[in-house]
């Protein structure tokens, strides 16, 4: 009888090579496989006529192979195998990427059940890399789980692993939710839920099991975050006696907004209390979060403590240092920059300044939480862009000081109810006011036919003295028919040969990235083709046009972040989103961006549009292993989970009466020290 902690090597058909590939995906034991949930399901009980297929949807068709699969070599490492299939209602193309042997098993004239994603329209319509199976006439399939894969791992491998894991569950997977919660919210038992998630008989079973999983994960999350908050509040913190920031406000080159003043007052009040502050400041793009961060750094410095401001990228860290160092210097405080790409000698020099206390304010990246960085007296920590930093990383940085005050900044605006759940270990401040004079960015969704006109528009903006960002979803050409930054740079240089086109992506060396960004900031490039590496915080006031290729492939909140890279100067700014011609769903999504510049409204729409298919296999940045993505649809359940967690911990702070529940929470929060 298999046991849950058995290695996947114990599964028939999984050898050392395959086990190594699965381990790269985080799957080492049968329990890991059991907790690797399907990202979606093929409902093979529901077969759709080809004529009724809709672009962008995953669908199953019963069709006859009309042409023998033909191999096309596109370039080295890229093969397409194509054929045509038909049913009584119409014809559609089938395309397999780098999978000639699987495609070669299809026989012309024979009927199969195909399941895949529909792409293109009219004669260009195709099913991309579908799975297929032979079925007798009139016989359809069942509900088949679809797992996220990695190179060298197939759906069959994961079916084998989860089959073995399900066989091992009996008696080894005890219920951990309190019985009164199962009864009150009519949630199914754990063993039923696990079976229904991996091997459902109907989509109704999936819905029931999923509801339990949503509640379960949010309840565990809320229990853990509430426990962290309670522990941190029990610890004595640093008291900042001097919270007068008159000199700071006077030194700013512009008047602060009411929202900025309110947030800073909340921070100052926290810092006087005698327990460590843990606060989230969230606001829309351009709401002035950096000023709030600077205020906390000044509060620390004027009370004789050091402050650390941690940015998610070196580009943004350098930008913060350039903009804030003169302000700090004017107030008499020293500021240094520390990043991972600095040379050894320069790092040693910076480390010495930090350790001696000569550096009062330190701006950097993840380099700040490395073991060899010692602060003399760290009193305040700012983590910029919360969604790039986890609870564990915040805890690590806190450990470098006694109990420094912690401020977390997020430019992903979300409804307050949701913020209180997702950031349950933090108090929340909201910047709901934009600085005066910021013009809304005019946004347009366009199709491929508009490309020549958009190139002319780009040319016009450059002629008028502006600069252009072009964002692509991929770094290099891949399996999906999407624009890649490396290929698109070449296309733009051909289309606009007299313009200076630069390239920036995450795989470049840090020194090269810095050089490209510095050149673009200095006006030495007219167009910057980039991946989403420029999503966060990059500030080039002269850039006034953002063009996003394959805009339908990005989340709405991510598109809003990208749009926020323009509109920072005095010029009217524009955002062009390609993808309007990618089907009705894409058109409707992009229409939301065109209709509003309000990040909170966009975030709500973004959450509402993420269907249950996105629910599993997702991870929310900054949170421990949370697989929830359908956040809007589950707000009521989230609220209930939070209230129930607060109620349980109020009666039993250490979860002593619920050892199985405590073990689950500890497992979810294994990167923190709170439960040890």
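The numbers here are math on the coordinates, done by the rules we state, and not lab data. Since we're looking at a predicted model, the values are computed, not measured. As a convention, Cβ positions derive from the backbone with ideal geometry for all residues, glycine included, and neighbour counts pool all protein chains shown.
With a ≥ b ≥ c the root eigenvalues of the C-alpha gyration tensor of the range 178-234, is it rounded (a/c under 1.5), prolate (a/b larger than b/c) or oblate?
Prolate, because a/c is 1.5 or more and a/b exceeds b/c.
Please report the spacing between the Cα centers of the range 507-584 and the range 37-96 in Å, no decimals.
Comparing the Cα centres of the range 507-584 and the range 37-96, I get a distance of 35 Å.
Just check the range 442-600 against the gyration tensor rule for me: Cα atoms, a ≥ b ≥ c as the square roots of the eigenvalues, rounded for a/c under 1.5, and otherwise prolate or oblate depending on whether a/b exceeds b/c.
Rounded.
I need the calculated FRET efficiency for the pair residue 334 and residue 500, taking r as the beta carbon distance and R₀ as 45 Å, to the nearest 0.05.
With a Förster radius of 45 Å, E is 0.75.
Of the DSSP beta bridges with both residues in the range 46-141, give the percent that are antiparallel, rounding to the nearest 5.
Around 90 percent antiparallel, to the nearest 5.
Assuming R0 = 25 Å, what is the FRET efficiency of residue 54 and residue 201, from their Cβ-Cβ distance, to the nearest 0.05?
Result of the calculation: an efficiency of 0.45.
Which of the peptides 219-227, 356-364, 200-208, 593-601 is most tightly packed, and how do the rest follow, going by the mean number of other Cβ atoms within 10 Å of each residue?
Listed from highest to lowest mean packing, they are 219-227, 356-364, 593-601, 200-208.
Rank the residues 91, 257, 365 as a footprinting-exposure proxy: fewest other Cβ atoms within 10 Å of their Cβ go first.
With the sparsest Cβ surroundings first, the list reads 91, 257, 365.
For the range 46-141, what is the convex hull volume of its Cα atoms per residue in Å³?
Each residue corresponds to 93 Å³ of Cα convex hull volume.
Using the basic label-point model (7 angstrom from Cα toward the beta carbon), what is the residue 272 to residue 254 distance in nanometres?
2.9 nm
Starting from the Cα of residue 510, step 7 Å along the direction of its Cβ; do the same at residue 101; then give the gap between the two resulting points in nm.
Each label point lies 7 Å from its Cα, and together they span 4.2 nm.
Counting other beta carbons within 10 Å of each Cβ, put 560, 505 in order, fewest first.
In order of increasing Cβ crowding within 10 Å: 505, 560.
Quick one: of the DSSP bridges fully inside the chain, what percent are antiparallel, nearest 5?
So the antiparallel bridges in the chain amount to around 40 percent.
Given R₀ = 51 Å, what would the calculated FRET efficiency be for residue 427 paired with residue 374, taking r from the Cβ atoms and rounding to 0.05?
Using R0 = 51 Å, I get an efficiency of 0.95.
For 336, 85, what ranking results if the residue with the fewest other Cβ atoms within 10 Å of its Cβ goes first?
Least crowded to most crowded, the residues run 336, 85.
Okay, which of the range 514-533 sit inside 16 Å, backbone N to the point 7 Å along the Cα-Cβ direction of residue 323?
Counting backbone N atoms under 16 Å from the label point, the list is 518, 521-522.
When the helix-only estimate is applied to the chain (DSSP H runs of n ≥ 4, each -39,500 (n - 2.57), divided by the residue count), what is the mean residue ellipticity at 222 nm, nearest 500 deg cm²/dmol?
-11500 deg cm²/dmol
Does the chain come out rounded, prolate or oblate, given a ≥ b ≥ c as the square roots of the eigenvalues of its C-alpha gyration tensor, rounded meaning a/c under 1.5 and, failing that, prolate meaning a/b above b/c?
Note, shape of the chain comes out oblate.
What is the extension gain from residue 448 to residue 133, computed as 0.36 nm multiplied by their sequence separation minus the C-alpha to C-alpha distance, in nm to one decimal?
109.9 nm
So, in nm, how far is label residue 532 from label residue 149 when the simple model puts each one 7 Å beyond its Cα toward the Cβ?
2.3 nm
If you find the alpha carbon centre of the range 203-221 and of the range 277-322, how far apart are they in angstrom?
The range 203-221 and the range 277-322 have Cα centres spaced 38 Å from each other.
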